[in-house]
Structure formats: structure tokens, C-alpha cells
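To start, the structure under review is shown below, and the notes come after it.
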Amino acid sequence: MAREKPDHFYKQSAVIPVMRSGHGFEVLLITSRKKKRWIVPKGIVEKNYTPANSAAKEALEEAGILGKPLPHPVGKYRYKKWGGVCTVEVFVMFVDRELDKWLESTRVRRWFELDKAIKNVEETGLRKVLERLEGFLAKHHV
């Protein structure tokens, strides 16, 4: 099956929204467009944006959250879409603010303790990135 989209569509970035809690860290998950799965904000890396800044833009549009992503990715994963394989670079973003209204407010957003977030994410690659989150934050002294 031929790829259905231009090559740049297959380079994507995502953000894992986090906040500190009494249990370590909590992760904000959002529902997919059809509200069937828990995911993180993700999209095509926008032209003239770094992958981290593009991921932050997706976080604003899809989850209604503001913050600054950490400069180094926590990891990458791949998934099949549009007749090809997308590579997603994943960044961590501490959430500074949650908006009451946002572009894709039809999505549900919910904070989860990290272990529960891992259990609720079906995408294997994303789940593996989430499993490395605590170690990544400790290594970067966050």
C-alpha cells in the first residue's frame, strides 16, 4: 500500500503533560477524536516549528493546556497510519495552566497517576515511553 500523505506528515511530535503530585507525577491524557482511546497531544511537526514547539502547539489545541516542553525528548515511537509508518518524538511538558475553553474541547482530558496512565494507554510505543518517564525526569533533575 502506497503512502497517502506527503513525507513530512510521517514526522510527528507529542507532549506528555505532567504535574507534580503527592505520588510523584501525574500525567494528563486526552481522548482520541472518536473518544475510544486515551492518548497524549500529538501531531505533524509544523513547518517553521521545532518538534518540541510543535508538540506544545498540539497540547494547546487538543488539550487546552499551556507550558514549556523540556528541550530533550523522552523517547520516540512508531505507529502505522496513512499507508505508512509515522515516527513520533515525545517531549515532557510541565503544565502551567489549563484553559476552560480550547479548540478541540470535544476531547475529554483527565489527570492520571503515572502507573494508571500507563495502564490506560493502548498504544504500545507510547506506553513504553511513559514507562521511561520517571527515570528521564530523575536523570534531568526535574
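Every read-out reported here was derived from the displayed coordinates using simple, explicitly stated rules and does not represent laboratory data. Just so we're clear, the structure is a prediction, and the values are computed from it rather than from any experiment. Here Cβ is always computed from backbone atoms with ideal geometry, including for glycine, and neighbour counts include all displayed protein chains.
Points to keep in mind about this one:
- Filter pass, Lys35 being of a type outside the set (Phe, Trp, Tyr), surrounded by fewer than 17 Cβ atoms within 10 Å (Cβ to Cβ) and either under 22 Å from Phe9 (Cα atoms) or free of Cβ contacts under 8 Å to residues at least 24 places away in the same chain (or both): no
- Residue that is farthest from the chain's Cα centre (by Cα), among those in segment 54-74 that are of a type outside the set (A, V, I, L, M), crowded, with 19+ Cβ neighbours inside 10 Å and not in a loop (DSSP other than H, G, I, E, B): Gly67
- Residues that are more than 11 Å from the chain's Cα centre (by Cα) and assigned to a helix (DSSP H, G or I), drawn from segment 35-53: Pro51, Asn53
- Members of segment 100-142 that are of a type in the set (A, V, I, L, M, F, W, C), surrounded by fewer than 16 Cβ atoms within 10 Å (Cβ to Cβ) and either touching a helix residue (DSSP H, G or I) at 6+ places or on another chain (Cβ under 9 Å) or free of Cβ contacts under 8 Å to residues at least 24 places away in the same chain (or both): Leu103, Ala138, Val142
- In segment 85-99 there is no residue that is of a type in the set (Ser, Thr, Tyr), free of Cβ contacts under 8 Å to residues at least 40 places away in the same chain and not in a helix (DSSP H, G or I).
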